[in-house]
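First up is the structure itself, then whatever we jot down about it.
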Amino acid sequence: MFPNSPSGFDFMFSVFPYLFVIVFLLIIGSLLFRGARYARNVSSPRQSSFVKVVAKRTRVDHHGGTSSFTGDHLTSTPSRSHTYYYITLEFENGERKEFLDVKGLYGLVAEGDTGYAAVQGDWIVAFERTAPSYYS
């Protein structure tokens, strides 16, 4: 490509376009997958069932910031993070399934709670606790 360039640069310039296309396709594929999952959850019917809360967990995604020092200025972008909350429910037939909390229920339920849960696709959208029965 360049007349006096080392051979390593020729290899880089011939491979880079392919790597760029692969990364671009991965990003587009990821966006399409997320969009399809969201559309599937939104279009799913809301189902209510009697359940028991058997587990809760969180997942934190970190997106790191950057810092650079140019001359006498320090430039930085803040890091960001997002926390996802999951609640695992056990249905009356013994089946267990984990749902993403999209309505802020994570802090309102405890492991061992029983009640009626409304689920929509992979989301838990409502939970109505039933009073525990101490005399049964």
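The values are calculated or read from the model by the stated rules, or taken from the named source; none is laboratory data. Just so you know, these numbers come straight off a predicted model, no measurement behind them. With ideal geometry, Cβ positions are generated from the backbone for all residues, glycine too; neighbour counts draw on all protein chains shown.
The single condition from (1) farther than 15 Å from Asn41 by Cβ; (2) assigned to a strand (DSSP E or B); (3) acidic (Asp, Glu) that Glu98 fails is (1).
Here His82 clears all of (1) over 22 Å from Ala39 (Cβ atoms); (2) at pLDDT below 95 except the condition numbered (1). For segment 97-113, which positions are small (Gly, Ala, Ser) and under 17 Å from Arg59 (Cα atoms)? Within segment 97-113, Gly104, Gly107 meet the criteria. The number of residues in segment 24-80 that are in a strand (DSSP E or B), hydroxyl-bearing (Ser, Thr, Tyr) and closer than 30 Å to Thr114 by Cβ comes to 3. Of the listed requirements (1) touching a Leu at 6+ places or on another chain (Cβ under 8 Å); (2) surrounded by 13 or more Cβ atoms within 10 Å (Cβ to Cβ), Arg96 misses just one: (2).
Out of Leu74, Leu105, Leu89, Leu100, which single residue is of a type in the set (A, V, I, L, M), in the same structural domain as His63 (by TED's automatic domain parsing) and over 15 Å from Val53 (Cα atoms)?
Matching residue, one of Leu74, Leu105, Leu89, Leu100: Leu74.
Being at pLDDT below 85, in contact with an Asp or Glu (Cβ under 9 Å, 6 or more places away or on another chain) and aromatic (Phe, Trp, Tyr) holds for only one residue in Phe11, Phe2, and it is Phe2. Filter segment 116-136 down to residues that are more than 14 Å from Val42 (Cα to Cα) and crowded, with 17+ Cβ neighbours inside 10 Å, then give me how many there are. The total comes to 2.
Residues that are hydroxyl-bearing (Ser, Thr, Tyr) and loosely packed, with under 10 Cβ neighbours inside 10 Å were ranked within segment 8-55; the one that is nearest to Gly121 (Cα to Cα) is Ser43. Taking the stated definitions as given, is Glu90 charged (D, E, K, R) and not in a loop (DSSP other than H, G, I, E, B)? Criteria met by Glu90.
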